[in-house]
1. Determine, for each peptide in 108-118, 167-177, the mean count of other beta carbons within 10 angstrom over its residues, then list the peptides with the highest first.
2. Would you mind estimating how fast region 1-125 diffuses translationally, via Stokes-Einstein at 4 °C and 1.567 mPa s with the Kirkwood radius over Cα pairs, in µm²/s?
3. Working with all protein chains in place, sort 98, 269 by solvent-accessible area computed with a 1.4 Å probe, largest first.
4. Is any helix in the chain, taking whole DSSP H runs, at least 27 angstrom long along its axis by alpha carbon and on average at least -0.5 on the Kyte-Doolittle scale, and which ones?
5. Heavy-atom accessible area of residue 85 with all protein chains present, probe 1.4 Å, nearest 10 Å²?
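The values are calculated or read from the model by the stated rules, or taken from the named source; none is laboratory data. Treat the numbers as computed from the prediction; the structure is a model and nothing was measured. Heads up, the Cβs are rebuilt from the backbone with ideal geometry, glycines too, and the neighbour counts pull from every protein chain shown. With ligands, DNA and RNA removed, areas are computed over all heavy atoms of the protein, side chains included. Shrake-Rupley method; radii C 1.70, N 1.55, O 1.52, S 1.80 Å.
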Amino acid sequence: MDPLPQRTELKSLALICAAHFVSHFYYLVLVPLFPMLKAKLGIGFVELGLALTLFNIVSGVVQTPMGYAVDRFGARRVLVAGLLLGGLAYVSIGLFPVYAWILVASVLLGVANAVYHPADYAILGTVIDPGRLGKAFSYHTFAGFAGGAIAPIVMLLAAQAVGYQAAIIGAGVLGIVVAVPLALAGWLDRTAAERSPAAAKHIPLKQLLTPTVIGLFWFFALLSLSSGALTNYSAVALVSVHGVSLSAANVALSAFLFATAFGVLAGGVIADRTRRHGDAAALGFGAAAVLILLVGTVSLGPPLLVAAMAGAGFLSGMISPSRDMLVRAASPPGAFGRVFGIVTTGFNIGGTIGPLLGGWIMDHNLPRWVFFSSVLFMVMTSVMALASDWRSRRQAALAVP
């Protein structure tokens, strides 16, 4: 199979990165506006939190079927539909900010969110040359982090400038705008048809649920659990454990999150230079676990604390492209969308349990365990990465006559 012109690859990558930017931006459209919505609608944070719970549950349930839809109807078409559905859902919330409709729209947003990972990775796996795929995955993941990073400040500034309803409508329009060039990119379908074996569409689910894929499902769940409590509760835990100021603790958390994004870019280079992606993921996450253990155990002082959290974030982000390459290695040709839909359901499980676990830890006055539990899940994730890589290499060796 001849590689596509690099210009075509770059154009494809730009379209998919824009969609992933929107997907992460959409995670945080309403959260910064909760105080305004609470006051305007006369409801509590528990009721608003239910909307987020519905979003995550629906997204998790729909993720695997959406992988099949991607491979059955075409990744580009499904991705365009997801962008339009998500965009229109937010437009409708802005036009009709009624609590009951917010819950309905959250269900629609959960369905739309389930589109992105299976569709994005199916397209990238088809059009990007394998020698550049690791870097492509890293740019894709970085775009998502960027969308999530700017969403809170953009929504707050927009709400202050034009009102919360117009701000939500504007967020919805963003998804529709990004959907337009993808809707016009019919050449992506032709490329996928030429480069994907037709027989792959007929692989039954039980043949896709190999031990490697099931292992990756739990790998993604552990990966999410390792960061769930840390992201949501590390700032308050640092105040309680080491007596640092809340501002210093939040600076340390911000350093972790921003460094994670840049670690993803470095991980793309590493992923393209090695075939031992499980080893790379295990080494990076193992080193991150050491730093988090240090943060939870030793009072480092603000400068070293920020440096340690930034280092842990960089190492955590660095494994993302290798993680994606592990999924690609476990996917039959032409079934990348379905396999990614299966394994990323683990993200939703971890994303549901992690914040609850962190809340239980803090409610029981065990703040060090915010860090210790993350370390435990990081170690388990590293072991899973090694096991997955070993299985993939063993299967490849057995396949050679």
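1. 108-118, 167-177
2. Taking Rh from Cα pairs, D becomes 83 µm²/s.
3. The residues order as 98, 269, largest area first.
4. 6-27, 45-73, 75-95, 99-127, 133-162, 164-183, 211-242, 246-273, 277-297, 345-363, 368-399
5. Accessible area of residue 85: about 60 Å².
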